[in-house]
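The values are calculated or read from the model by the stated rules, or taken from the named source; none is laboratory data. On a predicted model such as this, the values are computed, not experimentally measured, just so you know. When we count neighbours, we look across all protein chains shown, and the Cβ atoms used for this are built from the backbone with ideal geometry, even at glycine. Heavy atoms of the whole protein, side chains included, go into the accessibility calculation; ligands, DNA and RNA do not. Shrake-Rupley method; radii C 1.70, N 1.55, O 1.52, S 1.80 Å.
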Amino acid sequence: MARLEMNRAARSLAATGMLLSAALALSAAGPARAADTAGAPGEWLTQYSTARVLGMGGAYVATPGDALGALWNPAGLTMLDQNEVQFENAQLFEDTSINGFSLAVPGSWLPSFGLTMVSLHSKDFQRTDEMNNPLGTFSEGETAYLLTLSRAMTPRFAIGANMRLVQQTVESASGSGFGMDLGAVANLPHNLRAGVSLSNLSGPTLTLRDTKETFPMQARGGLSMSLFDGRGTVALQVDHSTGLGTQVHAGTEYWLFPMFGMRAGYADGRGSGGFSYRFGPAYTLDYAASDEALGVTQRIGINYRFGGFFASSKAEPEAFSPTGENPVTRISLNARTKAQADNWKLDIVNKSDTVVRSFGGSGKPPSHIEWDGKDETGLALPDGIYRYRLHVTDHQGRQIDSPEGTVEISTGGPQVKVPVVSTP
């Protein structure tokens, strides 16, 4: 079995390597990079990155997992389990900033949907007359509004679409236009996922005064691979659009602990990196920095997850003694799945990542189980800290995992020294 898994992993890595070779070939044969064609209509939105996306070098079309991920692949909203609110801020150069906000609600028999707003604001541009005399300053702003709908056609394949409205204002001139994005994501064997998207289909086209400007269509395609039981991800992506040419993105993500993850990425000859910190199960703080041509840029974001579809497990007490006053710990279980629950499983793991006890059954998990600190054979386990996590699978094969919890077995009481008094 181990050899079979190694062979599967090798084939998956080979597939990723083939995609990388193809991407590099496309990059070498493609048009000139954006440095030679800067200023394309809508380039600020095309090049926009959230903290997680920037940390992974922009390789996100096959790894969407948050509300703002709809900007890269609208089909990715089907991968969300809980409702999510996300806010991002980026301070760029010369008094320029970008803010992003998104709300996403995953669906089961109804489509998943999202509402997104991304806004760029720049100020202190110098205004001059025909003789180049200064006439003060002016500002420029652009805002994009997106409505996202996505649907899982099968447990392994989903499609999605964005309807977008873009508005631009320069001094007293303003314009707006509509466009559309399409995307798809597929879960493949060997922990691989493929994603593709087409942005700016049929616009948007903006007219500020007399000249029409149409956003160029952009195609994205990529693969991602899940590693180390979902704690790690590697991703590769190829983009192509008129004006910006062909770009290759590569990135990786690894969660050192359930609450702390790190990222590194590479795109267009520049490196990037970042991290995430989870404040309990609901809140996540994201940060990323990238080495750009004009200096280092930074992103910061906050995610809040609530309701939706979830699994939870909580041990009480968190420390117990099988030979003391608290001989068992009671682990409360709860889950809400997108389709009817098919089976559930609770694994208890020691510090060597070995499963020492499993509970499970068909249908929805019970309200609680009790653990007496013994393994599968009924033998008492040694003192120490053990980890547990609930896994629930629905009838369509989708699995929801609870956050990992810990419980401690402590049979040794406090050590007390009794003084000995000798009598003459």
Task: Difference of contour (0.36 nm per residue) and Cα-Cα distance, D372 to L110 - done: 90.1 nm
Open item on the list: Through the Karplus equation 6.51 cos²θ - 1.76 cosθ + 1.60, θ set to phi - 60°, convert the phi angles of the stretch 172-189 into ³J(HN,Hα) values in whole Hz; use x for Gly and Pro.
Closed with: 8, 8, 8, x, 8, x, 10, x, 8, 10, 10, x, 8, 9, 9, 8, 9, x
Open item on the list: Just to be sure I understand the model, the point goes 7 Å from the Cα along the line to the Cβ. What's the resulting T406 to M259 distance in nm?
Closed with: 0.9
Open item on the list: Against the 2.2 N^0.38 Å scaling, with N counting residues, where does the stretch 233-311 land? I'd like the Cα-based Rg ratio to two decimal places.
Closed with: 1.32
Open item on the list: Quick check for me: using +1 on Lys/Arg Cβ and -1 on Asp/Glu Cβ, what's the dipole size of the stretch 320-416 about its Cα centre, in debye to the nearest 20?
Closed with: 380
Open item on the list: Given R₀ = 51 Å, what would the calculated FRET efficiency be for T242 paired with E318, taking r from the Cβ atoms and rounding to 0.05?
Closed with: 0.30
Task: Relative packing of peptides 343-355, 210-222, 67-79 - highest average C-beta neighbours within 10 Å first - done: 67-79, 210-222, 343-355
Open item on the list: 5 Å is the cut-off here: which amide hydrogens, built 1.01 Å from N in the peptide plane, fall below it relative to E292, excluding neighbours closer than 5 in sequence?
Closed with: T297
Task: Inter-label distance for E292 and R330, nm, one decimal - labels placed 7 Å from Cα along Cα-to-Cβ - done: 5.5
Task: Projected label distance in nm at F157 and F279, using a 7 Å step from Cα toward the beta-carbon - done: 4.2
Open item on the list: Multiplying the sequence separation of T169 and D229 by 0.36 nm and subtracting their Cα-Cα distance, what value in nm do you get?
Closed with: 16.8 nm
Task: Furthest towards positive pole of dipole, I409, L379, G363, structure part the stretch 351-416, Cβ charges - done: G363
Open item on the list: Could you put F260, F228, F101 in order of accessible surface area, largest first, with the 1.4 Å probe and the full protein assembly present?
Closed with: F228, F101, F260
Open item on the list: List residues of the stretch 395-411, by number, whose backbone nitrogen lies under 20 Å from a label position 7 Å along Cα→C-beta of D383.
Closed with: 406-411
Open item on the list: With a 1.4 Å probe and all protein chains kept in place, how much accessible area does Y283 have, in Å² rounded to the nearest 10?
Closed with: 110
